[in-house]
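Have a look at the structure below before the remarks.
Please treat every number below as a calculation from the coordinates, not as lab data. Since the model is a prediction, treat every value here as computed from it, not as a measurement. Every residue, glycine among them, receives a Cβ derived from its backbone with ideal geometry; neighbour counts consider all protein chains shown.
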Amino acid sequence: MTKTIRRSGERVRWWTYVLLGLAVFACLFPLYWMFVVATTDTATATRLPPEIVPGGNFFHLAGLVFTTVPFVRSVVNSLIVAGTIAVGHAVLCSLAGFAFAKLRFPGRNVLFLIVVLTMTVPTQLAVIPQYMIISSLNWVDTLQALIVPGLASAFGIFWMRQHLSTTISDEILQAARIDGATTWQIFWRIAFPLVRPAAFVLGLLGFVTAWNDFLWPFIVLKSPEMYTAQIAIKALQNSYSIDLGLAMSGSFLATLPLLVLFVFVGRRMVAGIMDGAFKG
Amino acid sequence: MTTTLSTRRAQAAPAGTTSVRQSITERIAPYAYIAPFFLIFAVFGLVPLLFTFYVALFDWNPIGEHVFVGLDNFTRLFADTRFWDAAWNTISIWLLSTVPQLLLALGLAHLLNHARLRMAVFFRMSMLVPYITSVAATTIVFSQMFDRDYGLLNWLLGFAGVEPIDFKQSVWGSHVLIAVMVTWRWFGYTTLLYLASLQAIPRAIYEAAAVDGAGGWKQFRHISIPSLRPVIVFTIVTSTIGGLQIFTEPLLVSRLSPLTCGPVRQCQTLTLFLYEQGFGQFQFGYGAAIGVALFVLVVGLATVNYVLSTRIRPER
């Protein structure tokens, strides 16, 4: 392992930056473009050559978004749904992951295999009976219809089990048990605090998924006051005018909260995803 | 330590009933911890799935009667050209979005896998931005960028002398447009999964290959790809399951006829067809039959892909 080999093996060539730069441009440009159209009036959005820089119409269009649909209410609904799912999902999946990683009980391996297998079941195509069940619970047009099904997932259990089994040594748990701690206390006082970073990222992923979900809220929600932000965008697209700026403005406003969140936690999300199930 | 232990034992011994109750609680604790998932999956996943097979045998109107019709829904379905169109659209969009996405992710992960890469965090974070952007917002932006008359892309193509392409109205155009959106949303996420796997490969292996005279491309083919096998299998299977159930993009692409994704159903996927029949026409039975067909398609293709992709072997 001489110096020359290391250096030649690790040198980054200039075109690597060019290609990665192109990929970054492709990732960010559509969002920039969304902002441009969201800040120009309809006449500019349908004119050639297109405007390339943002206009001064942002507040006018944003105001229209708020008057055309109950947008504030939609964002609040989205926050309630995504927030509850994020917290519930992180805790419930940690709990189940803890049981599979650290507790011994009859049927554990078979049950875990079932959990993994459910990941491959395409349940979205069962929307008709899902709707019937929600309907028989009298949950149509309510937020719990969106929250309850998202509270636990096989992916989340798999993810937390992975982290729990690698992070926490059996010695700590045995020591706690000898000290007389109950299983719940061991989970809540010892195991969960140690895997909180992983649970946090899982909660974030749950938040993003719930915030952006479309098909299920589209089927279940009926009245505009119950809409989530995504369904509000659809309503804007439907509304009387063919005002592209309006739909874009709504899309931008509905994306903004996640972008702000991402600025703060994006680094941890990237690390969490990369630290997930497939390392090694 | 020993003193605490013995005092606790001494305290626990006389209180027989509490310790029995406690031991029962302790014994059912693991089951209680995993119960929420199984309950939720049963009520909102498994039962609806099984019930789909049942409803498919009925002429089932949500507010009116349901009449048992046996396999009539399926006979109708297989004679319905709209079904075959939707099935073809689904497969076409899935292929157009999955294959380039996985190849792109593979290449980008390889580029990102440099110990001395500058701005590595910036590159990684940027590539996750599409993933946090909602499908609804993505669809609205891309539809505008690919618009025939005022879209940015056609405007740029105009300089190269290309006639404006009507992406939304043509079969291929609409498929490409939707595939671009799906690819855009997922390639960064997939890149990060591949990158994580690449980083787990010991650097010494690459160094040894470099000593033996293997260049970048050979290292990529003979070391990187075989080591990525498990994660490649995973992404192929998940993108098969997800890619065949695409719904939101085709729904939002066509403003005027959303439920069919355009006047001639040029990009109506099976999930959208299911929605149209179930919730647009209130034919729950027929919609459920589409669900069953989609189930067979998804499970079939996922299995085929699983078997094929587990056969990736290091090249000799």
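Answer yes or no as to whether B:THR240 is at the interface with chain A (Cβ under 10 Å from one of its Cβ atoms), polar (S, T, N, Q), under 15 Å from B:TRP94 (Cβ atoms) and touching a residue at least 60 places away in the same chain (Cβ under 8 Å).
yes
Can you name the residue in the stretch B:48-61 that is more than 7 Å from every other protein chain (Cβ to nearest Cβ) and of a type outside the set (Gly, Ala, Ser) and, of all such residues, is surrounded by the most Cβ atoms within 10 Å (Cβ to Cβ)?
Ranking the candidates gives B:TRP60 first.
Identify, from the list B:TYR150, B:TYR131, the residue that is out of contact with any strand residue (DSSP E or B) (no Cβ under 8 Å at 6 or more places or on another chain) and within 20 Å of A:ILE52 (Cβ to Cβ).
Checking each option against the conditions leaves just B:TYR150.
Just need a number here: residues in the stretch B:138-177 that are free of Cβ contacts under 8 Å to residues at least 24 places away in the same chain and facing chain A (nearest Cβ under 8 Å).
7
Looking at the stretch B:207-221, I want the residues that are in contact (Cβ under 8 Å) with a residue 12 or more places away in the chain and have a partner that is part of a loop (DSSP other than H, G, I, E, B) with Cβ atoms under 7 Å, at least 6 apart or on another chain. Which pairs are those?
That search, which allows pairs on different chains as well, returns B:ARG221/B:GLU315.
Any chance you could count how many residues in the stretch B:249-273 are facing another protein chain (nearest Cβ under 9 Å) and either on the phi > 0 side of the Ramachandran plot or buried (at least 24 other Cβ atoms within 10 Å of the Cβ) (or both)?
Number satisfying all stated conditions: 4.
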